[in-house]
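The values are calculated or read from the model by the stated rules, or taken from the named source; none is laboratory data. Note that the coordinates shown come from a computational prediction; the quantities given were computed from them, not determined experimentally. Glycine also receives a Cβ, built like all others from the backbone with ideal geometry; neighbour counts cover every protein chain displayed.
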Amino acid sequence: MSKGLFVLVLLVVSLNASVAPAQEGHPLTGTWSGDWGPSATSRTHITMVMAWDGKTVSGTINPGPDAVPVPAILLDVANWTIRFEATGKNSSGAVSIAAEGKLDDIASAHRTISGTWRQGAAKGDFKLTRD
Amino acid sequence: MRRLSLLACGVAFGVLLSTPLSAQRPASAVYDTERVVQLEGPVTRIEWATPNAFIFVDTRDAAGLVVNWAIQAASPMELARDGWKRSALQVGNIVVVEASPALGTSRKALARSVVLKASGKRLFTARDAPRTAASAGPAPRWPDGRVRLGAPPGQKGHWGGASAKALAENRSTPVRVNDDGLLMNLADADRVAPFQPWAKAVYLHRQRTRLKDDPLVGCMPPGGPRQFLMPNGFQFVEQPQLRRILVLLGGGNRNWRVIHTDGRPQEPAAEAVLTFYGTSVGRWEKDTLVVESTGYNERFWFTNGGLPHTEALRLVERFSRPSLGTLRYEVTVDDPRTYTRPWTGGWTVQWVPNEDIQESFCEDNPELTFVR
C-alpha cells in the first residue's frame, strides 16, 4: 500500500468514526454484533437485535432464516449486567443458549457487552458491540 | 522516518476529524465550578465571538514563568447588557480575573468577574438572575383578539432567559440544580421525575460523569423542552396564513421548529420519520397554545441535566403569555418506556425587548479554534 493511500484509508476510518450516531435511550436498544467461542481462534459471528417495550427487553439472535428469538433479556442496572436464555437450532435439533455479560461504556454509541456464553455443551466467551 | 511522520500526521488529522466540535459543552463538564482562582496580568488577545467571548491573559506561575490563560466570558450580547462594549478592553490592559478553572490541567477558566486593574472598573460579573428588566404591560394581541407570542407590532425582541435551568417535575420545593442541570444533591434524583429503574440509572450515570457525554457537545440539536433553556433565547414567528408557527432558536445551531396549526392528525408512530424536534401539532385553547409532539429520535437529551427518553416520547406543551414580559411554559412528559407515569414541569421565560437573537453556531468552537 502506498503511503498516500495508507493515510487516505486512515482518514476515512477516522471520519467514519466521527459520524456514528449516538443512541441515548434504553442502553440495550439497537443492533449489536460480535462473536462468541471457546477460544480466541474458534469464533462464531453473532448479530443480536434488542428492543425495550417499556416492560421487557426482548431480542433476536442472527435475524433472518436462522433467527433465534430471545423472549427476555434481564438487565441489572445496579451493576449493568445482563442475562438471557434462548433455544436455537443446530443440525441435531434444538440447542439451549445462555449468556451472562456486563455492559461497558454505557454512554458510548459503540458500547459493548462481554461475558460468558454457553451453547449446548460448548462454553466460551462473547463480546458484542453496538452498531 | 518520513513514513513515521506521514503516519503521525495522518493519525493526528484523523483524531482531529473524529473529535466532535464542542461549542455547547456544559460548563460543569469543562470547569470545576466549585473552585475559584484569581488571575492577574496583561490581556494578550480578545475573541469577541458567539456563543462566548474569550480573553487571554498572561500570568506568572510559582516559578515565575509566563502562563497564558484562556478566560471564557459570557456571550457578547450578555456582555453588552452589562455595559461591556467591545472597545472596553484592549490588548495590554492589566486585568484581575476571578474564575473557575478547567477540570484537568488545561489553562482555561470560566470567568466570574473581570476587573480593570488601573481603574478598578468591573467589566463583567457572572450572574444567575436575568439580565434584563421585566417588560411591563399586557400581552400583545392580534386584531382577532388572540394573544401574540412574538413581538408587538412594529417592535422587535425575543424570549430570553428561563426561570429554571433544567426540567423537573413540578414541586412545591423545586429541585436544586446548577446552570447545567447538575443536581446539587444526587439524592434528589427521585424528585426530578418518576423514573423507571433503567432510566434513573442512566440519569445518575450522566450526573456523576458531569454531563460529559451530552450530545449537545457533538452539535446535536436541543430537541424537546431543552430548546427553551438555551442561553441565546428563541422567538416565535406566527404565520396564520400558512397555519403554522415557527420557533426560531438562538442556540442549537440556530435551528427552527414548525408547529402546525392546521389541525392535521399526528402520523402513526410506525410510519413517523423520527427527528430531533418531532412532529408538532398545535391548537389554541383560549389564550393558551397547546402543542402535542411525537416522533422523536433517541439521539439527544431533551433537557439540561441528562434526562433520558425513548422513541415513545410524547410531549404536550402549553404556552401562555400572561403579560408582555412573561411566557409561561409547561410541558407534560409521557414516555411509558422511561417513566412510570406522565409528569409535568415548566418554567417562565422573560421577554427581551429591542434585541435580535444573536447567532450561535457549533462551528464557532472556542475549544478548537481559540484555545491552544
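For the reader, a short list of remarks on this structure follows.
- Of the residues making up the range A:91-131, those that are aliphatic (A, V, I, L, M) and in a strand (DSSP E or B) number 9.
- Pairs with Cβ under 8 Å, 6+ apart, first in the range B:38-62 and on the phi < 0 side of the Ramachandran plot and of a type in the set (D, E), second part of a strand (DSSP E or B) and surrounded by fewer than 17 Cβ atoms within 10 Å (Cβ to Cβ): B:E40/B:I94; B:E40/B:V96; B:D58/B:P42; B:D58/B:T44; B:D58/B:V66; B:D58/B:V67; B:D58/B:N68; B:D61/B:V67
- Single residue of the range B:195-209 satisfying the filter (more than 7 Å from chain A (Cβ to nearest Cβ) and aliphatic (A, V, I, L, M)) that is farthest from B:M184 (Cα to Cα): B:A199
- Inter-residue pairs, beta-carbon under 7 Å, first within 20 Å of B:N232 (Cα to Cα) and in the range B:137-158, second acidic (D, E) and at pLDDT 95 or above, 6+ apart: B:L149/B:E238; B:G150/B:E238
- Which numbered condition A:A20 fails, given (1) part of a loop (DSSP other than H, G, I, E, B); (2) modelled with pLDDT of 80 or more; (3) surrounded by fewer than 17 Cβ atoms within 10 Å (Cβ to Cβ): (2)
- Residue match in the range A:68-85 (condition: over 30 Å from B:G306 (Cβ atoms), surrounded by fewer than 19 Cβ atoms within 10 Å (Cβ to Cβ) and among the β-branched types (V, I, T)): yes
Every residue, every condition in (1) surrounded by fewer than 20 Cβ atoms within 10 Å (Cβ to Cβ); (2) in the same structural domain as B:N255 (by TED's automatic domain parsing); (3) small (G, A, S), yes or no:
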site	(1), (2), (3)
B:D144	yes, no, no
B:A151	yes, no, yes
B:D188	yes, yes, no
B:A193	no, yes, yes
B:T209	yes, yes, no
B:N232	no, yes, no
B:E238	yes, yes, no
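- Subset of the range B:28-41 that is buried (at least 19 other Cβ atoms within 10 Å of the Cβ) and more than 23 Å from the chain's Cα centre (by Cα) - its residue that is farthest from B:P101 (Cα to Cα): B:G41
- Qualifying residue in the range B:19-39 (condition: at pLDDT 70 or above, charged (D, E, K, R) and over 24 Å from B:N185 (Cα atoms)): no
- Residue match in the range B:240-248 (condition: free of Cβ contacts under 8 Å to residues at least 60 places away in the same chain, in contact with a Phe, Trp or Tyr (Cβ under 7 Å, 6 or more places away or on another chain) and either within 14 Å of another protein chain (Cβ to nearest Cβ) or in a strand (DSSP E or B) (or both)): yes
- Test result for B:D180, among the charged types (D, E, K, R), within 14 Å of another protein chain (Cβ to nearest Cβ) and buried (at least 19 other Cβ atoms within 10 Å of the Cβ): no
- In the range B:255-296, the residue that is surrounded by the most Cβ atoms within 10 Å (Cβ to Cβ) out of those that are more than 17 Å from B:R318 (Cα to Cα) and among the aromatic types (F, W, Y) is B:Y296.
- Some residue of the range A:90-109 being within 12 Å of chain B (Cβ to nearest Cβ), touching a Lys or Arg at 6+ places or on another chain (Cβ under 6 Å), more than 16 Å from A:S33 (Cβ to Cβ) and modelled with pLDDT of 95 or more: no
- One residue stands out among those in the range B:42-70 that are assigned to a strand (DSSP E or B) and under 16 Å from B:F124 (Cα atoms): the one that is nearest to the chain's Cα centre (by Cα), which is B:F54.
- Looking across the range B:50-99, the residues that are crowded, with 20+ Cβ neighbours inside 10 Å and β-branched (V, I, T) come down to B:I55, B:V57, B:I71, B:V95, B:V97.
- Test: residue in the range B:254-270 that is part of a helix (DSSP H, G or I), in the same structural domain as B:A162 (by TED's automatic domain parsing), among the small types (G, A, S) and under 28 Å from B:N354 (Cα atoms): no
- Selection of the range B:190-244 for residues being under 28 Å from A:D53 (Cα atoms), among the polar types (S, T, N, Q) and in contact with a Pro (Cβ under 9 Å, 6 or more places away or on another chain) yields B:Q196, B:Q227.
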